[in-house]
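Note sheet for the following structure.
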Amino acid sequence: MARLDINAIRRRQIIEAAVAVMAEKGWAETSIDEATRRAEVSRGLVSYHFKDKADLLSGVLARCQEIFNESVAEGVASSEDPVVQMRRVLEISVDLAVVNPVPYEVFVQFTASAKRDPRLGEEIRALWDGFRKYTARAIEAGQRKGVFRADIDPMVAATRQIGAVTGIALQWLLEPGAFDFPATKRETVDMLMRALVAEGVDPQAGAERAEVSASLDG
């Protein structure tokens, strides 16, 4: 039987607590003491795992990226068809603003603070760069299969898609219920897919009929 890694479990426990506090209060108002209380551990244990607040910040960012990546992986695993995969990934990415907004909350908080904190700026730029490159590679794969337009720049298309998705998420986070979320998701995903697929390819391939309820109050 594999032995439990208690250190890894404790570290994850502290990170999860810090993620929850930050989603509620923002990074500037998130203290190690607050994360300690939320995790129900001693301050000494937190100091053992994280040398300072910046080190804890890195753990929080990595965890939120992990949550997002796990959701994207679900979409990729849904089909071997690049068109279906891309549509599903877009839908899941938009839906996260409702079903699990914490990663977006953290990304927004970190991005807003990036220029004031060089280390934070470096980490958040690397995160967005990774998202763009991952999406661009998926588009390139679709181009090689002839299902995505050959005349578009994959990085430009990737940046456009990420901008559209995060723009919807940001608006919803700031004012939940301000617009028709399912309709906005549907029309945005349709628009992005029409701009991406090659002539003769069905942009509706893999379209989801089930909608995330926009009546959730958070």
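The table for this structure:
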| read-out | value |
| --- | --- |
| Unique match (being buried (at least 16 other Cβ atoms within 10 Å of the Cβ), among the β-branched types (Val, Ile, Thr) and farther than 28 Å from Leu56 by Cβ) among Val106, Val98, Val147 | Val147 |
| Out of Phe181, Phe148, sole residue that is closer than 25 Å to Val102 by Cβ and either modelled with pLDDT of 95 or more or among the small types (Gly, Ala, Ser) (or both) | Phe181 |
| Failed criterion for Gln109 (all others in (1) under 12 Å from the mean Cα position of the chain (by Cα); (2) in contact (Cβ under 8 Å) with a residue 24 or more places away in the chain hold) | (1) |
| Filter pass, Gly142 being small (Gly, Ala, Ser) and within 24 Å of Ala23 (Cβ to Cβ) | no |
| Residue ID - most open to solvent (accessible area, probe 1.4 Å), chosen from residues in segment 12-64 that are outside any helix (DSSP H, G or I) and touching a residue at least 24 places away in the same chain (Cβ under 8 Å) | Ala28 |
| For Phe148: the one exception among (1) aromatic (Phe, Trp, Tyr); (2) more than 30 Å from Thr30 (Cα to Cα); (3) out of contact with any strand residue (DSSP E or B) (no Cβ under 7 Å at 6 or more places or on another chain) | (3) |
| Segment 70-89: number of residues that are of a type in the set (D, E, K, R), in a helix (DSSP H, G or I) and either modelled with pLDDT under 85 or open to solvent by 30 Å² or more (accessible area, probe 1.4 Å) (or both) | 3 |
| Residue under evaluation Glu29, criteria (1) at pLDDT 80 or above; (2) acidic (Asp, Glu); (3) farther than 21 Å from Leu127 by Cα, criterion not met | (1) |
| Residue among Ile92, Ile67 that alone is open to solvent by less than 40 Å² (accessible area, probe 1.4 Å), without any contact (Cβ under 8 Å) to a residue 60 or more places away in the chain, assigned to a helix (DSSP H, G or I) and within 24 Å of Ala205 (Cβ to Cβ) | Ile92 |
| Lone unmet requirement of (1) crowded, with 17+ Cβ neighbours inside 10 Å; (2) over 21 Å from Lys25 (Cα atoms); (3) among the aliphatic types (A, V, I, L, M) for Ala126 | (1) |
| Those residues of segment 118-157 which are in a loop (DSSP other than H, G, I, E, B) and free of Cβ contacts under 8 Å to residues at least 40 places away in the same chain, in sequence order | Asp151, Asp153 |
| Arg43 vs. criteria of a type outside the set (A, V, I, L, M, F, W, C) and touching a His at 6+ places or on another chain (Cβ under 9 Å) | no |
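The values are calculated or read from the model by the stated rules, or taken from the named source; none is laboratory data. Everything numeric in this text was worked out from a predicted model, so none of it was measured. Cβ coordinates were reconstructed from backbone atoms using ideal geometry, including for glycine residues, and neighbour counts include every protein chain displayed. SASA here: full protein model, heavy atoms, side chains in, ligands and nucleic acids out. Shrake-Rupley method; radii C 1.70, N 1.55, O 1.52, S 1.80 Å.
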